[in-house]
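Data block below; observations after.
The values are calculated or read from the model by the stated rules, or taken from the named source; none is laboratory data. Treat the numbers as computed from the prediction; the structure is a model and nothing was measured. Please note: Cβ atoms are built from the backbone with ideal geometry, for glycine as well, and neighbour counts cover all protein chains shown. Accessible surface areas use protein heavy atoms only, side chains included; no ligands, DNA or RNA. Shrake-Rupley method; radii C 1.70, N 1.55, O 1.52, S 1.80 Å.
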Amino acid sequence: MEDPAFVASLMNASPDLFFFKDAGCVYRYVNKAFCNLFALPRDAIIGHTDFEIFPGDNAARHYRADQAVLASGRFASFEYEVVHDNRSVWLQVLKTPVRDGLGRITGIFCTARNITTRKRLETDARIARRELERDVAEQAEDLRRVNQELRRQIVQRHKAEKALEESHRSLNLIFENSPIGISFVTDRIVRRANPHFHALFASPPGGVVGKPTAAFYPDQASYEAFGEQFYPLIARGERVDSVRVMRRLDGTDFWCRIIGQVLYPDRPQAGSVWLMEDVTERQLAEEAARAAERLKREFMDNLTHEIRTPLNGILGMAEMLAATALSGEQRDIVETLRESAGKLTELLVGILDYARLDAGGEAGQQGPFLIGDIVQGAINSFGASALQKGLELSFRIDPEVPAAVVGDGAGLRRILAALVSNAVKFTASGAVAVTVTPGNGHGPGKAATPREGRVVLTFAVRDTGIGLSARERQTIFEPFRQVDGSVTRRFGGVGMGLAIASKVAEAMGGSLSVESAPGAGSLFCFSAPFTLLGADEG
C-alpha cells in the first residue's frame, strides 16, 4: 500500500484533477491541477459547492452526477463540459463513493482528466458513451432496489476496492511515465525514483535507488552548500525551487531545475519528494542573452567614446575659429557649424540614454529634495523661450503635497524638463501651466500618513498648443517620433525627449500619459510614488 502523503504529493504533481466532496457535495480537497485549470485559489473552492463556483447549468449537472453516485452507492464515470470565466473544457470524471468503517457513504472521491481535444474528434463516441452510462446508471438503480442489503454491501465493497486499486494504478502510471524526474528521499538517500529520473542521471533502471544524493552533485562542496541553503527551508515545510548544476553518473554536468517538499511538515524526517528537470538549453539561452546584452552595453560605451572625441574636436575648433577675425559670412558659417555639432551631440546623448534605459538601466540615485525647487527650476529653464513667444508660463503646487520627499530628484527634473520643453516648443500662443497634486491623477488624492510613509504625486503639464491626433498619441513616447515631418522641420528636434522621459518614468516606478486633441492643446501627466521625508528612519 502506498504512503498516503506520497500519494498526495503525486496528486499535486499530476496534470490530472483529483478532488473530494463530502456527502453534502461540498468540496473538501482539490489538487493543484484543479486550481490551475480553473484559475482559482484553493480557498475559493474548499468549503464551497459547485453552485458557488460554476454557472448554474454546469453546477446542476455536477450535482446530478454526484447525487446519482450517492444514491446508487457505486462508482460511475462521467464526461461533461465545464464552463468557468468564459472558458469551456471537457472533463472525464470518475466518481467513487467513499465509506466509513460502518459502511456509510461519507463522500465522493473524483479523478478527472482534460479531454477537450479528444472530444472534438469523438463527438459521436461521446454521445454513445453518455447513453451507455445513463443505461448503466438506470440498471444499477434497479439492482439496488431488488438486491438484499448484505449483497449490496458486498458488491459495493468490491467496487470500492476495485476503484481504489484503479486509482493506485493510475497514480503509479503517472509516476512511471512522467516526463519529469521524480524521486522520494529520506536522510538524503534516494528510496524510490521513476524511469525519467534514472534517464536524467544516466543510470540503468533501479541504479539510483539506495544512492546518497551527494552522487548527483559536481562535488562535495556543492552538495553541502545545497543542504545548508535549502534543508532548513525543507525542515520548515517550505517548498524549494532552485536551478543549479548537477552531475550525471557518467560524469557529465547539466543545468537542473530542482523542486522539493517534505511529505509531512510536522515530520520532515519522514522524507521528501523531489522533481527534477533538465533546463540546460534554457539556461544557455539566458546566458547567451545576458552576454549579448553585455556586448550591447560595451558597444554603446565604445560608441560614446569614438563619436564624442571627434565631436569635441569639432566643437573646440569651431570655438577657436569663432575667436578669430572673421567676415560676417564666415561667422555665420562657424555659428552654423557650432549649432550643428551641438545638435549632433544632443542627439548622441539622447540615443545613448534611451539605449541604457531601454536595456533595463536602473533609476537614478535616491535622496531628499524639495518639490518646489524641482518645479521652479524646470519653469526657469524655459522662461526665456516662453517670453520670446509671448507665452504665459506658470505653476501651482497643491497645499496637500508635501514640501520635501525622498526619491529620484534628477529623474523628476529630467521628466519635467522634457514635458515643459515640449509644451513651449509646440505652443504658438496662450499658456503653459504645471500643476502638482497628490494621487494618481485619476481622482482625489489619497492623503499620505507617517505610518504609511509613501505618497503618490502627479505632475501635470497643460498647454494650448497644436494638439495630437489619436494616432499620434499612440506613438508620441516612441523614439524619433514627432507629430509629422512638417512639424519636425518647423519646430526642430529629433523626438528623443519624450521617449527618454517615458523610460525614466518607468525606472522610477511611475507612468507617463497624454490627453490631447488636434487644435485643443495637450495634457501630459506623470505619476509616481515617493517616500515621505523621515519615513525610512523608523
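I need the shape label for the stretch 111-184. Rule: rounded when a/c is under 1.5, else prolate if a/b > b/c, else oblate, with a, b, c from the alpha carbon gyration tensor. Because a/c hits 1.5 or more and a/b fails to exceed b/c, the stretch 111-184 counts as oblate. Near residue 99, the amide H atoms lying under 5 Å from its own belong to 106; only residues 5 or more places off or on other chains count, and H is placed 1.01 Å from N. Considering the chain at the alpha-carbon level, its Rg and Dmax are found to be 35.0, 124 Å.
Using C-alpha pairs below 8 Å separated by at least 6 residues, the relative contact order for the stretch 222-299 is 22 percent.
Averaging the sequence gap over all C-alpha pairs within less than 8 Å and six or more residues apart, then dividing by the number of residues, gives the stretch 79-229 a relative contact order of 11 percent. Close Lys pairs in the chain, defined as Cα atoms under 14 Å apart and 8 or more places apart or on different chains, number 4. Rounded to the nearest 10 degrees, the angle from helix 220-235 to the longest Cα principal axis of the chain is 70 degrees. Spin-label model, residue 166 to residue 267: label points 7 Å out along the Cα-to-beta-carbon direction sit 3.2 nm apart. The relative contact order of the stretch 1-123 comes to 23 percent, based on Cα pairs under 8 Å that sit 6 or more residues apart.
Counting only alpha carbon atoms, the long axis of helix 409-425 and the longest principal axis of the chain meet at about 60°.
Counting only protein heavy atoms and using a 1.4 Å probe, the accessible area of residue 146 comes to about 110 Å². Sparsely packed loop sites in the stretch 82-172 (the trypsin sites (Lys or Arg not before Pro) outside DSSP H, G, I, E and B with at most 12 other Cβ atoms within 10 Å) comprise 104.
With a 1.4 Å probe and all protein chains left in place, how much of the accessible area of the chain comes from carbon and sulfur atoms, in whole percent?
54 percent
Figure note: 525, 256 ranked by solvent-accessible area, largest first, 1.4 Å probe, ligands and nucleic acids not counted: 525, 256.
A helix-only calculation puts the chain at -15000 deg cm²/dmol for mean residue ellipticity at 222 nm, using -39500 (n - 2.57) for each DSSP H run of at least four residues, averaged over all residues. For residue 430, nonlocal amide neighbours, meaning residues 5 or more places apart or on other chains whose placed amide H falls under 5 Å from its own, are 392.
Relative to the longest principal axis of the Cα atoms of the chain, the long axis of helix 371-381 makes an angle of roughly 50 degrees. Can you bin the stretch 1-155 into rounded, prolate or oblate? Criterion: square roots of the alpha carbon gyration tensor eigenvalues sorted a ≥ b ≥ c, rounded for a/c under 1.5, prolate for a/b above b/c, oblate for the rest. Here the stretch 1-155 falls in the oblate category.
Shown in residue order for the stretch 253-262 are the 3J(HN,Hα) couplings computed by the Karplus curve 6.51 cos²θ - 1.76 cosθ + 1.60 at θ = phi - 60°: 9, 7, 7, 10, 8, 10, 10, x, 7, 6 Hz (x for Gly and Pro).
Pull out a ≥ b ≥ c, the square roots of the eigenvalues of the alpha-carbon gyration tensor of the stretch 232-278, then state rounded if a/c is under 1.5, prolate if not and a/b is larger than b/c, and oblate in the remaining case. Prolate, since a/c reaches 1.5 and a/b exceeds b/c.
Only bridges with both residues in the chain count here: give the DSSP antiparallel percent, nearest 5. DSSP beta bridges in the chain are roughly 95 percent antiparallel.
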